[in-house]
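*Asks:* A single structure is presented below for examination.
The values are calculated or read from the model by the stated rules, or taken from the named source; none is laboratory data. Remember, predicted model here, so these are calculated numbers, not experimental data. A quick note on method: Cβ atoms are made from the backbone with ideal geometry, for glycine too, and the neighbour counts reach across all protein chains shown.
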C-alpha cells in the first residue's frame with residue numbers, strides 16, 4: 001500500500017512520515033514491543049547474577065540468549081515473510097513472553113541451578129520476534145517516495161537507539177521497588193502487548209493470495225550492507241571497551257565512561273536525523289561506503305586523543321556516522337529484496353550488527369593490555385573502514401515499486 005500523494009510532499013519531513021496512513025499507530029505499537037529488547041538484557045544479567053551468585057554464569061546465560069536471538073533472526077524473519085506478520089508475530093511473541101516469565105520464576109530466589117536457566121534462555125532467544133526488520137518492511141510497503149522512505153528509516157533508527165538507552169534506565173527505576181526478575185516480567189508484558197497491538201494494526205495485512213512463496217524470494221546484493229553492518233557493530237563494541245580502558249588506565253576515573261558512551265549515542269541520534277533531512281543525490285551504495293569510511297577514520301583517529309574530554313568529543317563525531325551507516329545499510333538491503341523477503345533481508349543486516357558487536361567485544365578484549373590503546377583504536381577503525389570498498393563496488397538496483405497491498 002503506497003502512501004497517497006498528499007502524504008508525500010515535495011520536501012518531506014519527519015511529521016510527514018507519521019502522517020502516512022496507519023504509520024503512527026503501527027510505529028507506536030512496534031516501539032512498545034521493541035522497548036522489551038532494551039530492558040531484557042540488563043534484567044536477565046542482574047537476575048541470573050543474583051540467583052546464582054556467579055558472574056560467569058550470568059555471562060554464559062546472556063551469551064547463549066544473545067547468540068540464539070541473533071543467529072536465528074533471519075529464520076524467524078523468513079517465517080514472517082512466509083505466513084505474514086498477523087499470523088507469525090503473535091505466536092512468536094507469546095512463546096517468547098512465556099519463556100521470559102519462566103526465566104523470572106527460575107531466578108526469583110537465590111540458589112538457582114544454572115542448567116535450566118541456560119536452556120530456557122536459549123529457547124527464549126530462539127523465539128524472539130524480529131520486530132525491527134518487520135517494522136522496516138512495513139515502512140517500505142506503506143511509503144513509495146524514496147526521500148520519505150529514507151526519512152522513515154532514519155526516524156526508526158534514531159528511535160531504536162533511544163530505546164536501548166532508556167530501557168536500562170526503566171529497569172533501574174523498577175529495581176528500586178522490585179527484585180531483578182521483575183524486569184523480565186516487564187519485558188514479557190511489553191513484547192506480548194506491543195507485538196499483538198502491532199500485528200493488529202490496519203495496513204499490516206498478510207501476504208497477498210498467490211504471492212506466498214515461502215519467503216522464498218532470493219535476496220541478492222546483501223554483501224555490502226551486511227559487511228558494513230558487521231564492521232560497524234564490531235568497531236562500536238570495541239570502542240566501548242577501549243573507552244573504558246582509556247578512562248581506567250590513563251585518567252583513573254571510570255565515572256567518565258558513561259559520558260563518553262553517551263556522547264557516542266547522542267552523536268548517532270544527531271547523525272540519524274541529519275541523514276534523513278538531507279536530500280542526497282548520490283546512490284545509497286555510494287553513501288554507505290562514505291559513511292563506513294568516515295566512521296572507521298574517526299574511530300582510528302580517536303586513539304590519539306590526549307585526554308578524556310577530547311576523546312568524548314571524538315566519540316560524538318564517530319557517532320554522527322553510526323546511524324547513517326546502519327540506516328543506509330537497511331535501505332540498500334530493502335532495495336535488493338523481493339517483496340516476499342523484505343523482513344528477511346533486514347534481519348540479515350540486523351544479525352550482522354549484533355554478530356559483529358559480539359565478535360568485536362571478544363577480539364578487542366584479548367588485545368587490550370597487549371597492544372597500545374592507540375593501536376587498538378586503529379584496528380577497531382580499520383574493521384569499519386575495510387567494508388567501504390565493498391559498498392562502492394556493489395551493483396546498483398532500482399528500488400522496487402511498493403506492492404498493491406500491505407505486508
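*Asks:* Restrict the check to the stretch 275-288 and report whether at least one residue is without any contact (Cβ under 8 Å) to a residue 60 or more places away in the chain, outside any loop (DSSP other than H, G, I, E, B) and buried (at least 22 other Cβ atoms within 10 Å of the Cβ).
*Replies:* yes
*Asks:* Scanning the stretch 370-399 for residues that are touching a helix residue (DSSP H, G or I) at 6+ places or on another chain (Cβ under 7 Å) and not in a helix (DSSP H, G or I), which turns out farthest from residue 284 (Cα to Cα)?
*Replies:* Applying the filter and picking the extreme gives 386.
*Asks:* Any residue in the stretch 335-347 that is in contact with a helix residue (DSSP H, G or I) (Cβ under 7 Å, 6 or more places away or on another chain) and under 19 Å from residue 381 (Cβ atoms)?
*Replies:* The answer is no; no qualifying residue exists.
*Asks:* Okay, next question. Restricting to the stretch 176-193, what's the tally of residues that are assigned to a helix (DSSP H, G or I) and surrounded by fewer than 22 Cβ atoms within 10 Å (Cβ to Cβ)?
*Replies:* Residues in the stretch 176-193 being assigned to a helix (DSSP H, G or I) and surrounded by fewer than 22 Cβ atoms within 10 Å (Cβ to Cβ): 4 in total.
*Asks:* Look through the stretch 321-369, keep the residues that are modelled with pLDDT under 85 and assigned to a loop (DSSP other than H, G, I, E, B), and return whichever of them is nearest to the chain's Cα centre (by Cα).
*Replies:* Result: 337.
*Asks:* Right, another one. Within the stretch 137-149, does at least one residue satisfy the condition of being touching a helix residue (DSSP H, G or I) at 6+ places or on another chain (Cβ under 7 Å) and surrounded by fewer than 20 Cβ atoms within 10 Å (Cβ to Cβ)?
*Replies:* no
*Asks:* Being surrounded by fewer than 17 Cβ atoms within 10 Å (Cβ to Cβ) and part of a helix (DSSP H, G or I) is the filter here; which residues of the stretch 43-66 pass it?
*Replies:* 55, 56, 59, 63 - these are the residues of the stretch 43-66 that are surrounded by fewer than 17 Cβ atoms within 10 Å (Cβ to Cβ) and part of a helix (DSSP H, G or I).
*Asks:* Further, regarding this structure: For the stretch 32-42, give me each residue that is touching a helix residue (DSSP H, G or I) at 6+ places or on another chain (Cβ under 6 Å) and surrounded by fewer than 20 Cβ atoms within 10 Å (Cβ to Cβ).
*Replies:* Scanning the stretch 32-42 gives a single hit, 32.
*Asks:* To continue, here is another question. All but one of (1) outside any loop (DSSP other than H, G, I, E, B); (2) surrounded by fewer than 24 Cβ atoms within 10 Å (Cβ to Cβ) hold for residue 318; which doesn't?
*Replies:* With (1) outside any loop (DSSP other than H, G, I, E, B); (2) surrounded by fewer than 24 Cβ atoms within 10 Å (Cβ to Cβ) applied to residue 318, the lone miss is (2).
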